[in-house]
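Structure record follows, encoded as structure tokens.
Derivation of every value follows stated rules applied to the coordinates shown; laboratory data play no part. Quantities reported herein were computed from a predicted structural model and do not represent experimental measurements. Note that we place each Cβ from the backbone using ideal geometry, even for glycine, and neighbour counts take in every protein chain shown.
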Amino acid sequence: MARTRQQQRGGTPSRLSVIMKGPKVGAARLSAADLADIVKRTQKALKRVGRVLYGQQSARQGRDRADIEQLCELFLVAWKSGSAVADLELGEPPAQMHMFGYIGEESLKAFTAGMEKLKDAAITPASLPAGFDRGVLQTCNDLGRALEHGIDSITFQSQNGVAAQSFALDGPLRARVQELLGLPADVSIITKTGRLEELNGHGALTGRFWEPNGTRWLCHFKQEHLEQLPDAWMRTVRLMGRATVEESKERILEVESVDVLDVEVAATAPQEVPFWESMTLDELAERQGVSAVDDLDELSALWPVDDDPEELLHHVLHERAARKAIDDGGNAP
């Protein structure tokens, strides 16, 4: 009969407890999206540490070795009551490897020990802990994005049946990671002035904002900004919020406040209609001062002289018939 991992190792399975604390974390209650993001990025960090332990670059492209892919995978095995604590377990190791250790466990050890060592001011980008390189740091910085969602700290406690290690990812530790990456020491709250030229109200309040130097930001607004956005659109505004800047990705600004700096509105652009609401064709025509054509000769003068309307009509009808035949499973005429 096959033995369980606990029987093979003579102790408890290798587990990682993730404990989340903060104003938006209740007793055994947490946003499912935040939990999924934390687990996904933690697993990515373990795989990247595994690559470094194998002497590879963590951020390289292509498939991982089978042992990294399988043994650094995390499984949610428990959700404890009383606080937001998720227990994760590593992939099952081959039976013949239990006495020598395996890459999943080694990656977990290096990850927890290395993150704790990063607090040491003597650590530099040229002397990172074992299993760490710039790619691992980038993943750890991304993992810290959960701290922007009402989570004050994420404590990682690893247990392998022999020893326990832990570290707490909080604001100061994330700032230390960003320092080693060469990012500004404090990028949590910034203020930018520029022009808000795109808005999208379908599914989320997002927009794009251009600074005078051409730098573009993807902005995420709050519901409380809904009434301000119509006046802010196509105007010079000052935005304050939390910035996320990742290599090779669009800059993101989680907007906290919106101030319109040029408030002059053209007389031909009244604002009595809410920005996010659609208008009928008649309402739009009245709003834009457009009237119906009452002179057919005036309209025909806009038509190119060398175009035959009959040929255009024939072409349209032919295309419609061909599409209908295809939809009906027949052949085009």
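For every other residue with a beta carbon closer than 9 angstrom to the beta carbon of W217, add +1 if it is Lys or Arg and -1 if Asp or Glu, then tell me the sum.
Charge balance in the 9 Å sphere: +2.
Compare the peptides 104-116, 313-325, 142-154 by average per-residue count of other Cβ atoms within 10 angstrom and give them in order, highest first. Provide the component values of the computation, followed by the final result.
Numbers: 104-116: 22.0, 313-325: 11.2, 142-154: 18.8.
Packing order, densest peptide first, comes out as 104-116, 142-154, 313-325.
Checking the cross-link filter: which lysines have an alpha carbon closer than 25 Å to that of K80, excluding same-chain neighbours under 8 positions apart?
Here the lysines satisfying the reach criterion relative to K80 are K21, K24, K40, K44, K109.
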